[in-house]
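Participant: Right, I'll just put the structure down here and ask away after.
Readers should treat all values here as calculations from the given coordinates under stated rules, not as data from a laboratory. Model, not experiment: these values are computed from the prediction. When we count neighbours, we look across all protein chains shown, and the Cβ atoms used for this are built from the backbone with ideal geometry, even at glycine.
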Amino acid sequence: MLRDITLGQYIPGNTVIHRLDPRCKIILTILYIAVIFCVTSPVWYVIPLAYLLVASRLSGLSAKRLLKSVKPLRFLLILTFILNLFFSAGTTVWVDWGFLRITQEGFLTAVHFSMRLVFLVAGTSLLTLTTSPVALSDGLEKLLSPLKVIRFPAHELAMMMTIALRFIPTLIEEADKIMKAQMARGADFESGNLLKRARAMIPLLVPLFVSAFRRAGDLAMAMEARCYHGGEGRTRLRVLRYTQSDLWALLATVGTLLVTIFAGMWLK
Amino acid sequence: MPDKSDFYPMRTEDVCYQYDEEDVAAVDHVSLSVTKGSFVAVLGHNGSGKSTLAKLMNALYLPTEGRVLVCGLDTAQDEEVWHIRRHAGMVFQNPDNQIVANVVREDVAFGLENLGVPHEDMIPRIDAALAAVRMTERASFAPHMLSGGQKQRVAVAGVLAMQPEVMILDEATAMLDPAGRADVLATVRKLNREQGMTVIWITHFMEEAAVADRVVVLDKGKIALDGTPAAVFSQVEKVKALGLDVPPMAELAMRLNAGGLRLPDGILTVADMVKELKKALCPSK
Amino acid sequence: MPIQVEHLTHTYMPGSPFSAVALNDVSLTIEDGELIGLLGHTGSGKTTLVQHLNGLIKPTSGRVVVDGLDLTQKGVSLLEVRKKVGLVFQYPEYQLFEETVAKDIAFGPRNMGLDAEEIDRRVRGAMEQVGLNYDDVAERSPFELSGGQMRRVAIAGVLAMQPRVLILDEPTAGLDPAGRNSILQMIRDLHAAGGLTVIMVSHSMDDISTLATRLVVMSRGELVMTGTPREVFIQQEKLRSIGLGVPQAAELTHALIAEGFPLPEDLYTLDEVYNAILALKKEGRAC
């Protein structure tokens, strides 16, 4: 049944990585991304590789699980590789078919950019795999809250995320039901060309939107009845606290970043 | 003289409400005082004005005429609106459309967070509310994994944690199956009996109204009948004319009396009927 | 056009940690012209069973044969099956989508590839069957109508396909007593007009006791009882053990017999109980 599909990729656990403060994990992820962009040559991917291996070991998730999260992007990955392979400028020609040339430089660039993509996705998915969506939206709200002075809607953004997460399973279930109901009236969602298929979605999408709006209206009223009046003066059940592990993780990551920068300067 | 609001946590005085696009009032001069600690069923068919009345009771709608007093506070006073909504907690019809958070426990916390209750005080209140609706074991569940009846119990807990004076349930069982309906009704009735919670139970199900202390029947926005379940449902023809069901046993009693038996008024259940038939048919037993 | 269900088993998400047996070895034959009341708790498998009858769900094992057409065979035209077996979902008003009532009802016939004239004829016919006035509502938006009227439009949308079997999944859910009674009357009339086999899924014993010619009771994915209402309601203990009640008239009969009143034990309508009690009094046999 659709309702049983787990949301997002979060895998519950109780490891050091799971217990890190979500705010800290978001910062670590940003630093990690910086590490990747500071890698200047394919060789130095050993640094983020080591970092990821340690983190995945600590989080109890296998490296294989992390690689799995790259799978949905395999076409983009192949495209990146091919484009860079054929269309980079270079002098050391390996293969020359006239209109297509493969050069050593092109090959290295292709490897470099593909690796960058793989490491980006694998690393950020470590964040979503070990942090519940709720904690993530809490962390984001807290991190962004200083921006409230410039009227940045940090609380509203986090509330929207929470509500979206809450209603995704409900709407998936509803879509499934409406689809079946229209199929019972002879609707065909599976055959025909692109235009015909797009048109066939109307009997599904219209009722789904109507229902989503009705739900939104109901929910707004229920929230008001429970005294919701924005982020002002609101307390939270979840209190975020930094611990010592957060400090160590931060130091380790900043260290990794520095090593990467120096490595890049040393081996141009 | 003791303050009236202590005795009647919910009072409406000649209250009217008219929707902008309609010509007739949805609620038409309703005066209703709900006694503290009582369980009052408001019964009516669709369009009788019962849901509008519910929304007038916690300032979601403001009266076009008359007043609504929640614990003595006039709902028309803008600055009191959060006090009023805290004191008059409301549970709605659709179980899916009133749970905000994606974990049961956090949804129960939602109202407390809005009220600015300190973190340390929240936890015992949430635990007590979850225990009162028997959802402690499912505190960490996602709402979409619960049955309709369980979702409504979570909604009840969310209101209960706010420690209201009155709980208004606006057709809270209309979308549930019979097991879920019985479950939610029993849970709320128990809160009423054990914690003295004042309950306003809005419904179109006669069986639910039959367990109340008092039944108020609405029709065309006006109070058509008001009394104990026995007194209201004995008026079989009148209740039917209002588009409502009567308990089958009340109807049978009326027909048997027309057929020559002498059964007293106020038979609502099978047990009542058995007892009275024994007396009527076998006086010696 | 009988429907045969043979050893039907359905498992949701087999092989996954969420695997759940929704139907377990269900066998059932439905004859022409029956009005079946399909009873059971939420999760008893009622909805899963009826969705098999027009091919929306495929059996994990077993067969479903509709009018000689085995739905489990490859190459069976599902449109053909859906023309024969119409299925009205729970809260069907939430599937309306067209700009006008007439267009929405025409959706099914249009999918069947009928010509404009025939579609119009069917739309008018279906609206009459559900008691909607064509001149008043055909050109209105379905979203302007009341909940009860929207439900009728949705039912008309299925009737316009002129199925031989009409399945309704909890057609009275969420309606007030007046709305419920008028939908039940509509179903009674549709069935009485002849030529239509009706299967109505319900939790309500009272709705179904006066309507159905035969009851089918499900519990935990299994078919546990079938028979006329009289045959089923007499088994009160068994019904209670699966969490279902009986009509109050049957409950009263049971309780009075336990108190020693000489009543026939198979009474289940108020009329029957009324007559029996008056007879007791007249004959002075009560004690």
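Participant: Just to be sure I understand: of the beta bridges DSSP finds with both ends in the protein assembly as shown, what percent are antiparallel, rounded to 5?
Facilitator: 50
Participant: Give me, ordered by chain and number, the residues 5 or more places off C:MET225 or on other chains with an amide H under 5 Å from its own placed amide H.
Facilitator: Long-range HN contacts for C:MET225: C:VAL217.
Participant: Over the whole of C:269-278, what's the average partner chain Cβ count within 10 Å per residue? Rounded to a whole number, please.
Facilitator: Going residue by residue through C:269-278 and averaging, the value is 3.
Participant: What percentages, rounded to whole numbers, describe P(r) for region C:25-158 computed over all alpha carbon pairs with 5 Å bin width beginning at zero?
Facilitator: Calculated P(r), rounded to whole percents: 2, 9, 17, 18, 17, 15, 12, 7, 2, 0.
Participant: Quick one: compute the contact order of region C:247-287, relative version, from alpha carbon pairs under 8 angstrom and 6+ residues apart, as a percent.
Facilitator: Here the relative contact order equals 41 percent.
Participant: What is the packing order of peptides B:50-60, A:60-70, A:105-115, taking the mean over residues of other C-beta atoms within 10 Å and listing the highest first?
Facilitator: Peptide ranking by packing, descending: B:50-60, A:105-115, A:60-70.
Participant: Another one. Cα centroids of region C:253-287 and region A:149-185: how far apart, whole angstrom?
Facilitator: 56
Participant: Which cross-chain or sequence-distant (5 or more) residues have an amide H under 5 Å from the amide H of B:THR64, H modelled 1.01 Å from N in plane?
Facilitator: Here B:CYS16, B:TYR17, B:GLN18 satisfy the definition.
Participant: Distance between the C-alpha centers of region B:214-285 and region B:135-175? Whole Å please.
Facilitator: Here the answer is 33 Å between Cα centres.
Participant: Between rounded, prolate and oblate, where does region C:150-275 land on the alpha carbon gyration tensor, with a ≥ b ≥ c its root eigenvalues, rounded for a/c under 1.5, else prolate if a/b exceeds b/c?
Facilitator: prolate
Participant: How big is region B:125-211 in terms of Cα radius of gyration and Dmax, in angstroms?
Facilitator: Looking at region B:125-211, its Cα Rg and Dmax stand at 12.3, 35 Å.
Participant: Which entries of B:LYS50/B:LYS222; B:LYS240/C:LYS282; B:LYS50/B:LYS151 show an alpha-carbon separation above 21 angstrom in the structure shown?
Facilitator: In this structure, B:LYS240/C:LYS282; B:LYS50/B:LYS151 exceed 21 Å between Cα atoms.
Participant: Taking only the alpha-carbon atoms of chain C, what semi-axes of the equivalent ellipsoid follow from 5 times the gyration tensor eigenvalues under a square root, in whole Å, largest first?
Facilitator: Listed largest to smallest, the semi-axes of chain C are 36, 26, 16 Å.
Participant: For region A:81-213, what is the convex hull volume of the alpha-carbon atoms per residue, in Å³?
Facilitator: 229
Participant: For the protein assembly as shown, just the Cα atoms, rotate onto the principal axes and tell me the three extents in Å, largest first.
Facilitator: 114, 80, 52
Participant: Give the residues of region B:1-34 whose amide nitrogen is closer than 19 Å to a point set 7 Å from the Cα of C:GLU144 in the direction of its Cβ.
Facilitator: Backbone N within reach: B:20-24.
Participant: Could you let me know the centre-to-centre spacing of region A:11-27 and region C:127-193, using Cα atoms, in angstrom?
Facilitator: 54
Participant: Which value, in debye to the nearest 20, gives the size of the charge dipole of chain C about its Cα centre, when Lys and Arg are +1 and Asp and Glu are -1 at the Cβ?
Facilitator: Once rounded to the nearest 20, the dipole reads 500 debye.
Participant: In what order do A:CYS24, B:CYS282, B:CYS16 fall by count of nearby beta-carbon atoms within 10 Å, going from fewest to most?
Facilitator: The fewest-first ordering by Cβ neighbours comes to B:CYS282, B:CYS16, A:CYS24.
Participant: Would you work out the Kirkwood radius for region B:140-262? I mean one over the mean of 1/r across all pairs of different Cα atoms, in Å.
Facilitator: Answer for region B:140-262: a Kirkwood hydrodynamic radius of 16.1 Å.
Participant: So how far apart, in nm, are the two label points at A:VAL46 and B:HIS83 if each is 7 Å from Cα heading toward Cβ?
Facilitator: 7.2
Participant: Okay, moving on. Which log10 I(q)/I(0) values, to two decimals, does region C:247-287 give at q = 0.17, 0.21, 0.24, 0.34 Å⁻¹ under the Debye formula with one point per Cα?
Facilitator: -0.37, -0.56, -0.72, -1.23
Participant: Further question on the same structure: Give me a single rounded figure for C:172-181: the average over its residues of other chain Cβ atoms within 10 Å of their Cβ.
Facilitator: Partner Cβ neighbours, averaged per residue: 6.
Participant: For the protein assembly as shown, what is the calculated [θ] at 222 nm in deg cm²/dmol (nearest 500), taking -39500 (n - 2.57) for each run of four or more DSSP H residues and dividing by its residue count?
Facilitator: Rounded to the nearest 500, it is -15000 deg cm²/dmol.
Participant: Over all pairs of distinct alpha carbons, what does the Kirkwood formula give as the hydrodynamic radius of region A:153-225, in Å?
Facilitator: When all Cα pairs of region A:153-225 are included, the Kirkwood radius is 14.2 Å.
Participant: Still on this structure, I have one more. Return the distance in nm (one decimal) between the two label points of a simple spin-label model at A:LEU53 and B:THR64, each offset 7 Å from Cα along Cα→Cβ.
Facilitator: With each label point 7 Å from Cα toward Cβ, the separation is 7.5 nm.
Participant: I've got another one for you. Take C:LEU69, C:LEU184 and order them by how many other Cβ atoms sit within 10 Å, fewest up front.
Facilitator: By the 10 Å Cβ count, ascending, the order reads C:LEU69, C:LEU184.
Participant: Tell me the angle of helix C:147-159 to the major Cα principal axis of chain C, expressed in degrees between 0 and 90 and rounded to the nearest ten.
Facilitator: In chain C, helix C:147-159 runs at an angle near 70 degrees to the longest axis.
Participant: Which whole-number percentage describes the relative contact order of chain C, with Cα contacts under 8 Å and a sequence gap of 6 or more?
Facilitator: RCO, chain C: 22 percent.
Participant: At each listed q (0.19, 0.26 Å⁻¹), what is the log10 of I(q)/I(0) that the Debye formula gives for region C:216-287 modelled as equal alpha-carbon point scatterers?
Facilitator: Reported log10 I(q)/I(0), two decimals: -0.75, -1.16.
Participant: Additional query: Lysines within cross-link reach of A:LYS180: Cα-Cα under 24 Å, excluding same-chain residues under 8 positions apart?
Facilitator: Correct list for A:LYS180: A:LYS196, C:LYS46, C:LYS58, C:LYS74, C:LYS83, C:LYS84, C:LYS103.
Participant: Additional query: Pull out a ≥ b ≥ c, the square roots of the eigenvalues of the alpha-carbon gyration tensor of region B:76-192, then state rounded if a/c is under 1.5, prolate if not and a/b is larger than b/c, and oblate in the remaining case.
Facilitator: It comes out oblate by the Cα gyration axes.
Participant: Plugging the Kirkwood radius over Cα pairs into Stokes-Einstein for chain A, at a temperature of 37 °C and a viscosity of 0.692 mPa s, what D comes out in µm²/s?
Facilitator: 146
Participant: Follow-up. Can you give the FRET efficiency to the nearest 0.05 for B:VAL236 and B:LEU261, using r as the Cβ-Cβ distance and R₀ = 22 Å?
Facilitator: 0.90
Participant: From the square roots a ≥ b ≥ c of the eigenvalues of the alpha-carbon gyration tensor of region C:46-118, which class results: rounded (a/c under 1.5), prolate (a/b over b/c), or oblate?
Facilitator: oblate
Participant: Now a separate question. Taking chain A as the reference, fit the longest principal axis to its C-alpha atoms, fit the long axis of helix A:22-38 to the helix C-alpha atoms, and give the angle between the two in degrees, 0 to 90, nearest 10.
Facilitator: 30
Participant: Over chain B, what is the relative contact order in percent, taking alpha-carbon pairs closer than 8 angstrom and at least six residues apart?
Facilitator: 21
Participant: Among the trypsin sites (Lys or Arg not before Pro) within region B:205-276, which fall in a DSSP loop and have no more than 12 other Cβ atoms within 10 Å of their own Cβ?
Facilitator: Listed in order of number, the matching sites are B:ARG262.
Participant: Extending each Cα 7 Å along its Cβ direction at C:LYS58 and C:GLU231, get the distance between those two points in nm, one decimal.
Facilitator: Computed distance between label sites C:LYS58 and C:GLU231 equals 3.5 nm.
Participant: Per-residue Cβ counts within 10 Å, from other chains only, averaged over B:89-99: what number is that?
Facilitator: Mean number of neighbouring Cβ atoms from other chains: 5.
Participant: If r is the Cβ-Cβ distance from A:THR91 to A:VAL111 and R0 is 22 Å, what FRET efficiency results, to the nearest 0.05?
Facilitator: Given R0 = 22 Å and the Cβ-Cβ separation, E is 0.80.
Participant: Next question, about the same structure. Could you list A:TRP44, A:TRP266, A:TRP248 so that the one with the fewest beta carbons within 10 Å of its beta carbon is first and the one with the most is last?
Facilitator: Going from least to most buried by this count: A:TRP266, A:TRP248, A:TRP44.
Participant: Let me ask something else about it. Write down Rg/Rh for region B:4-229, rounded to two decimals, with Rg from the C-alpha atoms and Rh from the Kirkwood relation over Cα pairs.
Facilitator: 0.95
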